[in-house]
Amino acid sequence: MAGSRLPRQLFLQGVAAVFMFAFASLYTQIPGLYGAEGILPARKTLRPQGKGRWQQLWETPTLLWEAPQLGLDTTQGLELLSLLGTLLALGALLLRQLRTLLVYLLLWAAYLSAYQVGQVFLYFQWDSLLLETGFLAVLVAPLRPRHHHKQAPQGGLAGALPHEDLPFWLVRWLLFRLMFASGVVKLTSRCPAWWGLTALTYHYETQCLPTPASWFTHHLPVWLHKLCVVATFLIEIAVPPLFFAPVRRLRLAAFYSQVLLQVLIIITGNYNFFNLLTLVLTTALLDDGHLTATPGNGHCKKTASSWSRTLLAVLSLLLEFTVYGLLAYGTVHYFGLEVDWEQHAVNSRTSECQLGGPEGRAGPSLLTPLSLCSFYLPPVFPVAENGDPAHHVAGGGLPHLGTADCPLEVPYSYMEPSTHGRLWTGAHRLFGTVEHLQLANSYGLFRRMTGLGGRPEVVLEGSYDGHRWVEIEFMYKPGNVSRPPPIVAPHQPRLDWQMWFAALGPHSHSPWFTGLVLRLLQGKEPVIRLIQNDVTKYPFHKQPPTYLRAQRYKYWFSHPGEQSQWWRRQWVEEFFPPVSLGDPTLDMLLRQFGLQDKSPPRARSSSNTLAQALHWVRRQLSPLEPSTLLWGLLAAVGAIRVVQALHSRPHSPRSSPPGKEEKHRPAPKKDSGAATKRAAPAPDNCTSSSQSPGRKK
């Protein structure tokens, strides 16, 4: 990690940018999600139970406990935290002086405070990843701002002190855990789509919020989809160990492979700030030399090399070729790839492998080589026995990282439920003590591919008479088959995301959905703005519907050539029965899920200056669509950056006549021979200063 000053600054700037997007996106949705008239009011989550102040702060670590001291309720306190977090992150992104330990500690504490009351709408893997990354940023950030960098003897940036690089190692370790676990869970899930390399033939149309590019990538040839799945496994499983390679070029190759994967995901899917956050983590693979390299400099830095350096360079080159060769051979061998030139297709033996079936028909077990990586996560990864991935060993007889890592290993054991119960009970207790701080989390995206028979989608319908039903269209999620998929990132419409999860099961598995139905029957504007920010586009904006119901459909991308259609759909079943206010079914569900408004919210004084300021800011920003607001914020950052660059550009002195310039030069103090030697032009081979002649005696 020598020479990591620039990557650390890049990492801190990236974390600040992600915090800015996360806070701003959350702020736009607070009234509808957590307000007194929202789906899941936040005030119900913070109720003192006679415990001491410090005890309740430790059990539920949130700064919102202090909101009443400012004359604010829980929702107003959440808005204040989101606004302050956005401004503080914006300042850290633009000003180097603000990238200090205290600033990142405040950002982490503010987002953790929101997480504690966010309930199901903040329980996403990227929220946990942001909290864990934010805590690492606290360790990476300096205690006080540094105005100037010291220069290394060679003229470049000086390397970091040894203790400064230790926290940055943890960033690289977090990136490894994220990517490696995301690849392994796809195999340990026994999902036939991942094992058969057909997952991407479904992914683009079944992901939560597709982009317009998803439609085009969905119609690519099947053989290309299979190769992309292989590349995904390669980047997520085989490449991450190279993060710790001793050869710099291997680490850079791993860096660019991760960047390629994240950029392609950004183009084909709306995953809010998650991919940007992953790109921020990849900065731990860079170094100062790579970031400051300029074209043409490599040929002019030839130094006198000894036989030991030459041998080391040759060995490094051999190691590189060996690694690339093993990656290529392992990809073809373990996936059983075969090219059928006549059919223009790519076949693989894994597609014929029925897990647990006859060994003669099965391809090589992919879990066998993965078991060799148990050193990295000892109690987690499966060790295949006799080619059967159903047998697992919980780190028995393998190198262990020590007792101190046991609490951090608990989250990863969830990748294989059978290993979770085999961990040392003390590890569970230690992890349970700090689990609520979100310092270590388990990751594993797209464990199983959903929607293999069509994308399930919930469509809300309202009616005044119970006979004529009108569909309620959301801003972002699929609904109208003629509307193209939008581009939403870096904003995350959290209600639209939860609607995607709700469609995967019965409505009873998503208790918040009953709260949504209640607020729409009541005609609450904050919730309506989550569906349509322009209230006039909501079909029941003049009068709330008398009845409300939900239907489950299956959606597919339209075929090429179908005019003015992006989707096809087919009705499946009723998702939520028709209900109205006072309906016994609705009241029963509200009681069952604890969503009844038993007591009205405590009224706050309207003369509170802070509350009035928050209300004024909300009134000014509410007409803007959230994604537009975030893109405007990004444009403002870009404009300020340009102004900063122009302001900091050094002014070139005016050229003066040669005669006048010579007059201002100090006269040389050495003899003419030495001056002649210093003035001699450099030879063509750009020799280094170590080879220049010594001073004349």
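Largest first, the extents of the alpha carbon coordinates of segment 497-626 on the three principal axes equal 60, 38, 26 Å. Close amide H contacts of Asn270 (hydrogens built in the peptide plane, cut-off under 5 Å, sequence separation of 5 or more or a different chain): Leu209, Thr211.
Largest accessible area first, the listed residues Cys208, Cys228 line up as Cys228, Cys208 when surface is computed with a 1.4 Å probe on the assembled protein chains. Once the Cβ-Cβ distance of Ala213 and Leu326 is raised to the sixth power relative to R0 = 51 Å, the FRET efficiency obtained is 0.95.
What you get for segment 457-559, charging only the Cβ of Lys and Arg (+1) and of Asp and Glu (-1), is a dipole of about 80 debye around the Cα centre.
Sorting the Cα pairs of segment 1-101 by distance into bins of 10 Å, from 0 upward, gives 14, 34, 29, 17, 6, 0 percent per bin.
Here the calculated FRET efficiency for Phe244 and His541, from their Cβ-Cβ distance with R0 = 60 Å, stands at 0.60, rounded to the nearest 0.05. Placing a pseudo-label 7 Å from each Cα along the Cα-to-Cβ vector at Glu525 and Leu105 gives an inter-label distance of 4.2 nm.
Distance between the 7 Å Cα→Cβ label points at Phe593 and Gln97: 5.0 nm. What FRET efficiency, computed as 1/(1 + (r/R0)^6) with R0 = 35 Å and r the Cβ-Cβ distance, is obtained for Ala231 and Ala635, rounded to the nearest 0.05? Efficiency, from the Cβ-Cβ distance: 0.55. For Arg568, the amide hydrogen comes within under 5 Å of the amide hydrogens of Trp556, Phe557, Ser558, counting only partners 5 or more places away or on other chains and with H modelled in the peptide plane. The residue among Leu72, Ala89, Thr60 whose Cα reaches farthest toward the positive pole of the charge dipole of segment 51-105, with charges on the beta-carbon of Lys, Arg, Asp and Glu, is Ala89.
The radius of gyration of the Cα set in segment 482-528, together with its Dmax, comes out at 12.7, 31 angstrom. Anything over 22 Å Cα to Cα? Flag those among Lys477/Lys537; Lys226/Lys554; Lys44/Lys477; Lys44/Lys542, in the order listed. Those over the limit are Lys226/Lys554; Lys44/Lys477; Lys44/Lys542. Between Asp534 and His333, the modelled labels are 6.0 nm apart [label points 7 Å from Cα along Cα→Cβ].
The values are calculated or read from the model by the stated rules, or taken from the named source; none is laboratory data. If you're wondering where the values come from, they're calculated on a predicted model, not measured in any experiment. Here the Cβ is made from the backbone with ideal geometry for all residues, glycine too, and neighbour counts use every protein chain on show. Side chains are part of the model used for accessible areas, which takes the heavy atoms of the whole protein and leaves out ligands, DNA and RNA. Shrake-Rupley method; radii C 1.70, N 1.55, O 1.52, S 1.80 Å.
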